[in-house]
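Notes follow the structure.
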Ligand SMILES: Cc1cc2nc3c(=O)[nH]c(=O)nc-3n(C[C@H](O)[C@H](O)[C@H](O)COP(=O)(O)OP(=O)(O)OC[C@H]3O[C@@H](n4cnc5c(N)ncnc54)[C@H](O)[C@@H]3O)c2cc1C
């Protein structure tokens, strides 16, 4: 019998395996892919703990987890909206996501973790004080079960039921790595453009002086008529990068956290719990932080401490991101953003980039409450059901 069965070996699962095994728990990690880390469709950007206002043990555990895999540091974020640029100081890093996952898992294997690859979690039930976990190949017993199985998580369905996700709450994002001359290698650049990235943004995340991760995204309700390859090519052409992009995309949940992230001895962390920040699609940092918070609660023998700690540290980032996303939806879908662009205060955009609750929070909250009026209305794009 294991102390903890972790489903999924993405960034969140690798962090759980790392933190739990270092605290002496016996851990089983179940991954359906033949090798962990092969789904590296990601911007591979992680904010510095200071940018997230993390403190104490949470800040150091978060940074320690990915620090050895940093390939590049950035100091600023620039957001382009139409003909205006909004800049904010915000420290963050490009990381080698695959190396981070593989190395952290390998270290935990040396500490006794068992990793089962090419094996899909099917279901679990509580029998005689433990969870009986059924996979595509075997059955296991564990005291706790953790879902780190990403978007559309099977573990999440055990405690939240089968929820129907609105297509407005889901994005598809496509990324590629390119070689190009970086004018500002310390800047992550985000571009709000309805042709490049309807309902999301296009990005350039430097990975060195002459390489970058470049991507575009689209909200699912705007996907009809959107050609990601064309958008990525157009985005690259604007950057004077003449490469033939390889098109690789993945879903990004953008609807906020699920109703329950814990029930009994079942816990959710990362994308499986909807911990992706809806306004920017970042979910590695919240997954790693949640993995640490869960480990801390279990190590203190206070599993009931997980939810309050998530509510204190992770939920504010996700909830604020949802308010910002909905406010932006309202402004974009009514065309107000473009009509008022020249009056848009720099500090308001800065607040949104930083996913903070600052002086503009009441206004953004008000705008987000009007989102219901434009749900499904996507300008010239047809709405999906
Ligand atoms: C193009 C793109 C760019 C992005 N850029 C960034 C970025 O720059 N920074 C950032 O923080 N976030 C970014 N994100 C989001 C980020 O990738 C996710 O939030 C993050 O991967 C979530 O990690 P996770 O471990 O919770 O889930 P996942 O990465 O989805 O991992 C889940 C794992 O569970 C496995 N699994 C699923 N079901 C089962 C099952 N039934 N049984 C066993 N195993 C299972 C999967 O194979 C997978 O390995 C981006 C996303 C996309 C698509």
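The values are calculated or read from the model by the stated rules, or taken from the named source; none is laboratory data. Here the structure is a predicted model, which means the values were calculated and not measured. Positions of Cβ are generated from backbone atoms using ideal geometry, with glycine treated the same way; all protein chains shown enter the neighbour counts.
What the table shows:
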| read-out | value |
| --- | --- |
| Residue tally, condition more than 13 Å from the ligand (Cβ to nearest atom) and surrounded by 17 or more Cβ atoms within 10 Å (Cβ to Cβ), over segment 195-210 | 3 |
| Test: residue 164 is out of contact with any strand residue (DSSP E or B) (no Cβ under 9 Å at 6 or more places or on another chain) and either outside the structural domain of residue 334 (by TED's automatic domain parsing) or in a loop (DSSP other than H, G, I, E, B) (or both) | yes |
| Sole residue being surrounded by 17 or more Cβ atoms within 10 Å (Cβ to Cβ) and assigned by TED's automatic domain parsing to the domain that holds residue 35, chosen from 69, 86 | 69 |
| Subset of segment 306-332 (residues that are in contact (Cβ under 8 Å) with a residue 12 or more places away in the chain and within 22 Å of residue 266 (Cβ to Cβ)) | 306, 307, 309, 310, 313, 314, 315, 318 |
| Where a residue in segment 235-250 is more than 16 Å from the ligand (Cβ to nearest atom) and its partner, wherever it lies, is at pLDDT 85 or above and assigned to a helix (DSSP H, G or I), with Cβ under 8 Å and at least six apart | 242/236; 243/236 |
| Verdict on residue 118 being out of contact with any strand residue (DSSP E or B) (no Cβ under 7 Å at 6 or more places or on another chain), within 14 Å of residue 2 (Cα to Cα) and assigned by TED's automatic domain parsing to the domain that holds residue 65 | no |
| First in segment 143-167 and on the phi > 0 side of the Ramachandran plot, second anywhere and part of a helix (DSSP H, G or I) and within 10 Å of the ligand (Cβ to nearest atom), Cβ under 6 Å, 6 or more apart | 150/271; 150/272 |
| From the options 344, 336, residue that is under 23 Å from residue 203 (Cβ atoms) and surrounded by fewer than 19 Cβ atoms within 10 Å (Cβ to Cβ) | 344 |
| Strands (runs of 3 or more DSSP E) wholly inside segment 195-305 containing at least 1 residues that are in contact with a strand residue (DSSP E or B) (Cβ under 9 Å, 6 or more places away or on another chain) and modelled with pLDDT under 95 | 211-219, 249-253 |
| Any chance residue 130 is under 30 Å from residue 212 (Cβ atoms) and in contact (Cβ under 8 Å) with a residue 12 or more places away in the chain | no |
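Residue by residue, here is whether (1) assigned to a loop (DSSP other than H, G, I, E, B); (2) within 9 Å of the ligand (Cβ to nearest atom); (3) under 19 Å from the mean Cα position of the chain (by Cα); (4) at pLDDT 95 or above holds:
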position: 15; (1), (2), (3), (4): no, yes, yes, yes
position: 28; (1), (2), (3), (4): no, no, no, yes
position: 33; (1), (2), (3), (4): yes, yes, no, yes
position: 38; (1), (2), (3), (4): yes, yes, yes, no
position: 41; (1), (2), (3), (4): yes, yes, yes, no
position: 49; (1), (2), (3), (4): yes, no, yes, yes
position: 53; (1), (2), (3), (4): yes, no, yes, yes
position: 59; (1), (2), (3), (4): no, no, yes, yes
position: 67; (1), (2), (3), (4): no, no, yes, yes
